[in-house]
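So the structure is just underneath, and the comments pick up after that.
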Amino acid sequence: MMVMMAPPLETLLMDFIRIQTEAFTLGDIQAGFSYIGVEMSLDEIEAYLQVNPFVFPLEGGLYLTRAGAFTGAPFSIRPTAREIEGGYLLPGHRCIPFVDSEQASGTIRFSYDNKLLPHKVMEFPLREVLSYFSLFGEEYAIQFILSDPAARDTILRSFEEELPQTVWLTVTDCSDLYKNWGFRRGDLLVAEVSDWRGGIVKIRPMCSHKDNPFQQQPVDQQRQEWYKVFEQRMQESFDVYGPGGTIDEQLARVFFVHKNELCKDVSGTIEDAIKHSKVIGIEPYGVESRLWYKGHDVPAVGPWLQTGEVVEDSDAAVWSGEQLNSELMVWPRVVLTHGL
């Protein structure tokens with residue numbers, strides 16, 4: 001059971017988790033916080049880390065944050081035909097699980113050629129943008145849409161209406177990028193987080209520029225292989241770790257454990273993988289939803305529970321060196337007193 005912690009302590013721990021990119025121990029945190037006059041027991045710290053979805057436990061008493069796991073890890077975004085035509089990119093769920101999922105979509109900043117691309121605000125029919133937030137779960141899509149800073153007026157109107165018909169959202173102006181690279185439907189952006197706490201994501205175009213849309217190139221074959229691997233690794237995760245706490249957590253675990261296989265320039269998009277898969281899909285889980293075997297109910301219990309005892313999902317997730325990228329296991333302990 002998690003030890004209850006005062007809100008200021010949770011805030012301090014989350015601040016650390018959002019900036020820490022090297023592996024660390026419970027003792028590192030305790031020593032760092034003691035240095036600034038904050039005393040916490042190892043049990044308190046461990047209990048908090050075990051249920052925090054932004055921390056991965058490693059072997060040997062080490063931990064790694066998502067900031068450390070996913071900064072610099074490549075993934076793909078496929079702009080829609082409507083986005084290309086309109087010269088914008090709507091982040092939505094496109095950057096999970098690589099970014100902080102608690103950060104509003106409209107606050108994510110994209111950079112290209114070492115320059116931050118400008119934001120702009122656009123009005124959309126609500127029905128049109130729901131699909132851009134589906135990986136947060138249908139039950140939370142509206143909540144994430146209305147968390148956009150540009151949606152404040154929409155929130156006020158929603159008190160008068162059951163649901164607003166349109167919503168103002170913050171998007172990234174990609175008009176010059178699309179124009180200069182001759183972007184067409186099906187072209188992708190290769191992305192990687194450069195500043196996890198700041199929500200900054202570097203992007204670069206990957207355009208096929210094929211005269212014949214049915215022509216197969218080597219990268220197309222590599223991407224098809226990526227989709228097969230992603231589907232396989234997700235199924236393995238279902239069997240070993242179950243439904244997890246959220247879709248974001250399910251994806252984070254798979255991309256972390258299988259980073260070498262899945263975080264590549266030739267990767268496909270998670271959206272396309274789920275859309276075209278005959279095996280996995282977004283399925284109801286009580287009043288929520290999870291990635292699961294398509295057409296099957298998501299079970300509340302399964303072999304991922306330890307000896308029949310109900311445990312928190314993250315309690316069962318401790319990876320060995322064989323499952324992790326080797327470089328994760330050789331990072332030195334961080335001295336937190338320099339970062340706090």
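The values are calculated or read from the model by the stated rules, or taken from the named source; none is laboratory data. Predicted model, so just to flag it, every value in this text is computed and none were measured. Cβ placement follows ideal geometry from the backbone for every residue including glycine, while neighbour counts extend to all protein chains displayed. Calculation scope for accessible area: heavy atoms of the full protein, side chains included, ligands and nucleic acids excluded. Shrake-Rupley method; radii C 1.70, N 1.55, O 1.52, S 1.80 Å.
Pairing residues of the stretch 296-307 that are in a loop (DSSP other than H, G, I, E, B) with residues that are at pLDDT 85 or above and of a type in the set (Gly, Ala, Ser), at Cβ distances under 7 Å and at least 6 apart in sequence or on separate chains, gives Gly302/Gly242; Trp304/Gly242. When each of Phe110, Phe33, Phe98 is tested for being assigned to a helix (DSSP H, G or I) and not aliphatic (A, V, I, L, M), the lone residue that passes is Phe33.
The residue that is farthest from Pro79 (Cα to Cα), counting only those in the stretch 178-203 that are in contact with a Pro (Cβ under 9 Å, 6 or more places away or on another chain), open to solvent by less than 10 Å² (accessible area, probe 1.4 Å) and among the hydrophobic types (A, V, I, L, M, F, W, C), is Val201.
For the stretch 263-270, state whether one or more residues are part of a helix (DSSP H, G or I) and at pLDDT below 95. The answer is no; no qualifying residue exists. Across the stretch 216-232, the number of residues qualifying as open to solvent by 30 Å² or more (accessible area, probe 1.4 Å) and in contact with a helix residue (DSSP H, G or I) (Cβ under 8 Å, 6 or more places away or on another chain) comes to 2.
Apart from one condition, Gly244 fits all of (1) open to solvent by less than 30 Å² (accessible area, probe 1.4 Å); (2) modelled with pLDDT under 95; (3) assigned to a helix (DSSP H, G or I); the exception is (3).
Picking from residues in the stretch 285-298 that are in contact with a helix residue (DSSP H, G or I) (Cβ under 8 Å, 6 or more places away or on another chain) and crowded, with 19+ Cβ neighbours inside 10 Å, the one that is nearest to Gly186 (Cα to Cα) is Leu291. Restricted to the stretch 13-26, and to residues that are crowded, with 16+ Cβ neighbours inside 10 Å and free of Cβ contacts under 8 Å to residues at least 40 places away in the same chain, which residue is nearest to Leu62 (Cα to Cα)? Across the stretch 13-26, the extreme among qualifying residues is Leu26.
Please indicate, with yes or no, whether at least one residue in the stretch 299-316 is open to solvent by 60 Å² or more (accessible area, probe 1.4 Å), under 26 Å from Gln20 (Cβ atoms) and either at pLDDT below 50 or under 22 Å from the mean Cα position of the chain (by Cα) (or both). So far as the stretch 299-316 goes, yes, one or more of its residues are open to solvent by 60 Å² or more (accessible area, probe 1.4 Å), under 26 Å from Gln20 (Cβ atoms) and either at pLDDT below 50 or under 22 Å from the mean Cα position of the chain (by Cα) (or both). Tyr132 passes all but one of (1) open to solvent by less than 60 Å² (accessible area, probe 1.4 Å); (2) modelled with pLDDT under 95; which number fails? For Tyr132, the exception is condition (2).
If a residue must be in a loop (DSSP other than H, G, I, E, B), closer than 30 Å to Arg223 by Cα and not aliphatic (A, V, I, L, M), how many such residues does the stretch 36-74 contain?
4
Quick grid of which residues meet (1) open to solvent by less than 50 Å² (accessible area, probe 1.4 Å); (2) in a loop (DSSP other than H, G, I, E, B):
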position: Met234; (1), (2): yes, no
position: Glu249; (1), (2): yes, no
position: Asn260; (1), (2): no, no
position: Asp272; (1), (2): yes, no
position: Lys278; (1), (2): no, yes
position: Glu283; (1), (2): yes, no
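Applying the condition of being assigned to a loop (DSSP other than H, G, I, E, B) and open to solvent by 20 Å² or more (accessible area, probe 1.4 Å) to the stretch 75-95 and asking which residue is nearest to Ile203 (Cα to Cα) yields Arg78.
Taking the stated definitions as given, is Ser158 open to solvent by less than 50 Å² (accessible area, probe 1.4 Å), of a type in the set (S, T, N, Q) and at pLDDT 95 or above?
no
Looking across the stretch 108-130, the residues that are over 14 Å from Ile96 (Cβ atoms) and under 16 Å from the mean Cα position of the chain (by Cα) come down to Arg109, Phe110. Which residues, counting only those in the stretch 113-132, are part of a helix (DSSP H, G or I) and within 21 Å of Arg197 (Cα to Cα)? Those that are part of a helix (DSSP H, G or I) and within 21 Å of Arg197 (Cα to Cα): none in the stretch 113-132. Within the stretch 32-70, the residues that satisfy the criterion of being open to solvent by less than 50 Å² (accessible area, probe 1.4 Å), in contact with a Phe, Trp or Tyr (Cβ under 9 Å, 6 or more places away or on another chain) and of a type outside the set (A, V, I, L, M, F, W, C) are Gly32, Pro57, Tyr63, Thr65, Arg66, Gly68.
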